[in-house]
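Notes to accompany the following structure.
The values are calculated or read from the model by the stated rules, or taken from the named source; none is laboratory data. Everything numeric in this text was worked out from a predicted model, so none of it was measured. Here the Cβ positions follow ideal geometry from the backbone for every residue, glycine too, while neighbour counts run over all protein chains shown.
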Amino acid sequence: MIREIARRLYERLLAPFGARALERMCEEGLPPRLATPLRFLFDGHAPASAVGAARAIERRRAEIGARQESYRFAYVDSALGPVKLAERMETNDGAMTAHRLAHSVSVPRRWGMFLHLCAEAFEANSILEMGACVGISSAYLASIPSHPHLITLEGSWPLARLAEQSLAAVSDRGEVVVGAFEESLPRILDRLHDEQLQVVFVDGHHEEAATLHYVGAIEPHLTPTALMILDDIYLYEGMWRAWQTLSSRDNVTAVNIGRFGLLMYERGGAGGRRYDLSRYTGRWRVGGVRA
């Protein structure tokens, strides 16, 4: 609790400096589509529609958090590194309560609204998410005014059921696909055919090899102007290496905002530009080697 209070205080104190740094970046060529979502991180201003969507989603978060359930997580081997999957327990003495899943593991309101504003800025009609958890981030992405088709992948059946309910509360165009990412992603990408993706949120399998593989598989299915968002780029050394590799490429504009790494694809754009706002969001320390 003390750590959370300290983090929020840091964010509040650094917000004016972050806002000024962002404006300098905009003058230096930061793509305009990213300006509104990034400004939200420092001034908290969002359209009434986004605020209304957040209210509904936060009610859903509270409902999940109030459940008397718990989940046990176990690692399962895969070709791209170990995967952490959840199994529901009949008692409430498991390693992970529903409250913790909803309030600590799932994306918090601030970052959920950021995802929402990113999807809106790119006028997304098709969105892919890898890692639904209980569907909070899915709901934030799916609730934009363009009413997008959202596909979210989830490896755990118990979490997928909760995610389906969360997504159904805000959209009738959402779909939760259950299964290991290395099996479900190729199947979904093949099924898309001519439907291309404007926004992709990569979460849920925090391994260097897996992240690089998934990004490479998804890239051919992006629209000419698209955004890929990588979660937890500082979580482990492997994730940080993956971010450094992807953000250094010449075909993207990369923005490090601490919790997320943004990769913007813009056919005919300058590319090869890198921006860093992590010091103003309070997230710049790389975690250790994954156990």
Inset, instruction - Given the conditions (1) buried (at least 16 other Cβ atoms within 10 Å of the Cβ); (2) in contact with an Asp or Glu (Cβ under 9 Å, 6 or more places away or on another chain), report the number of the one that Thr223 does not fulfil. - result: (2)
Inset, instruction - Give me the pairs, please: first residue somewhere in segment 120-133 and in the same structural domain as Leu185 (by TED's automatic domain parsing) and among the polar types (S, T, N, Q), second residue anywhere and modelled with pLDDT under 95 and not in a loop (DSSP other than H, G, I, E, B), beta-carbon distance under 9 Å, and either six or more positions apart or on two chains. - result: Ser126/Leu192
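This table checks each residue for (1) of a type in the set (Gly, Ala, Ser); (2) under 17 Å from Ala163 (Cα atoms); (3) assigned by TED's automatic domain parsing to the domain that holds Ile151; (4) surrounded by fewer than 20 Cβ atoms within 10 Å (Cβ to Cβ).
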site: Glu28; (1), (2), (3), (4): no, no, yes, yes
site: Arg39; (1), (2), (3), (4): no, no, yes, yes
site: Arg60; (1), (2), (3), (4): no, yes, yes, no
site: Leu85; (1), (2), (3), (4): no, yes, no, yes
site: Ala95; (1), (2), (3), (4): yes, no, no, yes
site: Met113; (1), (2), (3), (4): no, no, yes, no
Inset, instruction - Please determine, by comparing only the residues of segment 112-157 that are aromatic (Phe, Trp, Tyr) and in contact with a strand residue (DSSP E or B) (Cβ under 7 Å, 6 or more places away or on another chain), which one is nearest to Leu185 (Cα to Cα). - result: Trp157
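Condition check ((1) under 27 Å from Pro82 (Cα atoms); (2) at pLDDT below 95) across all residues:
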{"site": "Phe181", "(1), (2)": "yes, yes"}
{"site": "Phe201", "(1), (2)": "yes, no"}
{"site": "Tyr214", "(1), (2)": "yes, no"}
{"site": "Ala270", "(1), (2)": "no, yes"}
Legend entry - Single condition Arg259 does not satisfy, out of (1) within 22 Å of Ala21 (Cβ to Cβ); (2) among the charged types (D, E, K, R); (3) surrounded by fewer than 18 Cβ atoms within 10 Å (Cβ to Cβ): (3)
Inset, instruction - Only one of these is touching a Ser or Thr at 6+ places or on another chain (Cβ under 7 Å) and surrounded by fewer than 22 Cβ atoms within 10 Å (Cβ to Cβ): Arg241, Arg283, Arg273, Arg249. Name it. - result: Arg273
Inset, instruction - Identify all residues within segment 120-135 that are surrounded by fewer than 24 Cβ atoms within 10 Å (Cβ to Cβ) and within 20 Å of Ala102 (Cβ to Cβ); write none if there are none. - result: Gly131
Inset, instruction - Go through segment 152-206 residue by residue and tally those that are more than 24 Å from Val76 (Cα to Cα), touching a Gly at 6+ places or on another chain (Cβ under 8 Å) and either in a strand (DSSP E or B) or in contact (Cβ under 8 Å) with a residue 12 or more places away in the chain (or both). - result: 3
Inset, instruction - Scan segment 210-231 and give yes if some residue there is without any contact (Cβ under 8 Å) to a residue 40 or more places away in the chain, in a loop (DSSP other than H, G, I, E, B) and within 28 Å of Glu23 (Cα to Cα), otherwise no. - result: no
Legend entry - Residues of segment 232-275 satisfying the condition of being among the polar types (S, T, N, Q) and in a strand (DSSP E or B): Thr253, Asn256
Legend entry - Which numbered condition Met25 fails, given (1) out of contact with any strand residue (DSSP E or B) (no Cβ under 6 Å at 6 or more places or on another chain); (2) assigned to a helix (DSSP H, G or I); (3) in contact (Cβ under 8 Å) with a residue 40 or more places away in the chain: (1)
